[in-house]
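The values are calculated or read from the model by the stated rules, or taken from the named source; none is laboratory data. Note that the coordinates shown come from a computational prediction; the quantities given were computed from them, not determined experimentally. Ideal geometry is used to build each Cβ from the backbone, glycine not excepted, and the neighbour counts take in all protein chains shown.
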Amino acid sequence: MNPSPSPALTLRLSVTDRCDLRCRYCMPAAGVAPVSREELLSFEEIVEVVRAIQQAASPVAVRFTGGEPLLRKGLAQLVAMLSAEGVCDLALTTNGQLLADAAAELKSAGLRRVNLSLDTLDPKRFVQISRSGDLSKTLAGIEAALECRLTPVKLNAVLMQGVNDDESVGLARFALERGCQLRFIELMAIGEALVGHADRFVPTAEVRARLETAFRFEPRLSDARGPATVFPVQCRLSGRRGTLGFISPRTHPFCEGCRRLRLTSRGELRSCLMHEQGRDLRALLRNGGGEAALVTAVQEALSAKAVSGTPPPLNRSLMAEIGG
Ligand code: SAM
Ligand code: SF4
C-alpha cells in the first residue's frame, strides 16, 4: 500500500502590516509604523520564495493575510501569479471591509476560499472592538464571498470576557443560517492583547458549554485539517445543521503536526507564530543568494518548528506583523 501523501504545507503570507481597522486585541490605536514600498517584498520576490518552499516541501498552499491583505494594491495580480505557479490552495483571511468590491476579481484570479473575522453582530460593539469600521461592510463581504463561491466561507470570532462573550450563540446561528463554518479563536497573549489578557481570556470549554444550551454536538470530525477542532452540530431551535470549530492555542495547543510557515511583508520567514524573529529572506533575495540558499533557509525554518505541544510563550510582536 502507498503511504498517504503528506498534508500540504501552508504559507501564511502577510502582504501588508497596515490595516483599516484597529481591533483592540491586535493593533495599537495609532496603527503600525509606515513601511516604504522598497521595504516590502515585491510580487516577483514572493513568487521566488514560494518556488523555494515548493522545492523544500510540496504541495504548498498559500493563505493571504496581514494586516488587512485587501489593502495591498494589486492583490488579485499576486493571486493570479501564484495560481500559475501551481499552488494547491489559495485562501484569504480578511476583516471583510473591502471584500464586497474585490470578491469577483479575486475569484477569477484563482482565489478559492475566504475566512472572515466577525467578532460581533452588534454595529456599536463592532466599532468598540475595532475602534472604527462598519459592520455592514463586513456583512456585505460575507454575502459577496458566498455569491462568488469563495467557499467554504469560514468566520473567525475572538470572544472576550465582558466584551462579546455573550454572542457565541447568536454568531453561531448567523453562521449556520448561511452555511458558513464559525470558529471561535481563544484570545492569544500576543502584542496588543498582552495587556489585560487574563481578565479578557475566555477558554474554549466555557464557550462550548454555552453553545451546548442551543446546539446538539456530535463527535468531532477526525479529518478536519488545520488548527481547528471541528464538530457537526444541530441547532435545537431551528433543527439546522452545520459545523462549528474551536481554535484553542492556550487550552489545546496544536503545535504537533503543524505544517505552517509564515512570511512577513518584509520578507522574514518565521517557523511559528510565537517566534519573535525569523530568517531574513529579503536580504537573501536582494543580495543574490540564489535559489539553493533560499531552499536551504526554508528547510532550516521547517526544522525549527516547535513540536513540544506545550502552551506557547508570550510574544511581543504585533499580530498584524505576523499575519495571525
Ligand atoms: N485583517 C485580517 C483579519 O482580521 O481577518 C487578517 C489578519 S488578522 C491578524 C488574522 C486573524 O488573527 C483574525 O481572525 C484575528 O481575529 C486574529 N487575531 C488577531 N489578534 C489576535 C489575538 N490576540 N488572539 C487571537 N486571535 C487574534
Ligand atoms: Fe486589522 Fe485583522 Fe488586526 Fe483587526 S485583527 S486590527 S482587522 S489585522
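Odds and ends about this structure:
- Odd one out for ALA91 among (1) within 12 Å of ligand 2 (Cβ to nearest atom); (2) in a strand (DSSP E or B): (1)
- Of the set (1) touching an Asp or Glu at 6+ places or on another chain (Cβ under 7 Å); (2) buried (at least 19 other Cβ atoms within 10 Å of the Cβ), all apply to PRO232 but (2).
- Residue in the range 115-123 that is modelled with pLDDT of 95 or more, within 15 Å of the chain's Cα centre (by Cα) and of a type in the set (Val, Ile, Thr) present: no
The rows are residues; the columns are (1) within 16 Å of ligand 2 (Cβ to nearest atom); (2) surrounded by fewer than 21 Cβ atoms within 10 Å (Cβ to Cβ); (3) assigned to a helix (DSSP H, G or I).
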residue: GLN97; (1), (2), (3): yes, no, no
residue: VAL114; (1), (2), (3): yes, no, no
residue: LEU121; (1), (2), (3): no, yes, no
residue: GLN128; (1), (2), (3): yes, yes, yes
residue: THR138; (1), (2), (3): yes, no, yes
residue: ILE142; (1), (2), (3): yes, no, yes
residue: ARG149; (1), (2), (3): no, yes, no
residue: PRO152; (1), (2), (3): no, yes, no
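- Complete set of residues in the range 54-63 that are under 24 Å from LYS107 (Cβ atoms) and in contact with a helix residue (DSSP H, G or I) (Cβ under 6 Å, 6 or more places away or on another chain): VAL60, VAL62
- Within the range 213-258, considering residues that are in contact with a Gly (Cβ under 8 Å, 6 or more places away or on another chain) and aliphatic (A, V, I, L, M), the one nearest to ALA57 (Cα to Cα): ALA224
- Contact map, the range 258-280: residues that are under 17 Å from GLY226 (Cβ atoms) and modelled with pLDDT of 90 or more paired with residues that are β-branched (Val, Ile, Thr) and not in a strand (DSSP E or B), Cβ distance under 8 Å, separation 6+ or inter-chain. Pairs shown: LEU261/ILE53; LEU261/VAL298; ARG262/ILE322.
- Residues that are more than 21 Å from VAL163 (Cβ to Cβ) and part of a strand (DSSP E or B) are absent from the range 29-38 altogether.
- Meets criteria (of a type in the set (Asp, Glu), within 12 Å of ligand 2 (Cβ to nearest atom) and closer than 28 Å to ALA61 by Cα) for ASP101: no
- Flag if ASP199 is within 19 Å of LEU116 (Cα to Cα) and either within 19 Å of the chain's Cα centre (by Cα) or more than 11 Å from ligand 1 (Cβ to nearest atom) (or both): no
- Where SER136 falls short, out of the listed (1) within 16 Å of ligand 1 (Cβ to nearest atom); (2) of a type in the set (S, T, N, Q); (3) within 23 Å of GLY179 (Cβ to Cβ): (1)
- Single match in LEU187, LEU211 (criterion: of a type outside the set (Asp, Glu), within 16 Å of ligand 2 (Cβ to nearest atom), surrounded by 14 or more Cβ atoms within 10 Å (Cβ to Cβ) and at pLDDT 95 or above): LEU187
- Criterion (away from ligand 2 (no atom under 16 Å from the Cβ) and either modelled with pLDDT under 95 or basic (Lys, Arg) (or both)) met by exactly one of ARG63, ARG37, ARG22: ARG37
- Within the range 207-289, strands (runs of 3 or more DSSP E) holding 1 or more residues that are farther than 29 Å from ALA172 by Cα: 260-263, 268-270
- Condition check for PHE174 on (1) hydrophobic (A, V, I, L, M, F, W, C); (2) out of contact with any Lys or Arg (no Cβ under 6 Å at 6 or more places or on another chain); (3) within 22 Å of PHE217 (Cβ to Cβ); (4) surrounded by 21 or more Cβ atoms within 10 Å (Cβ to Cβ): one failure, at (4).
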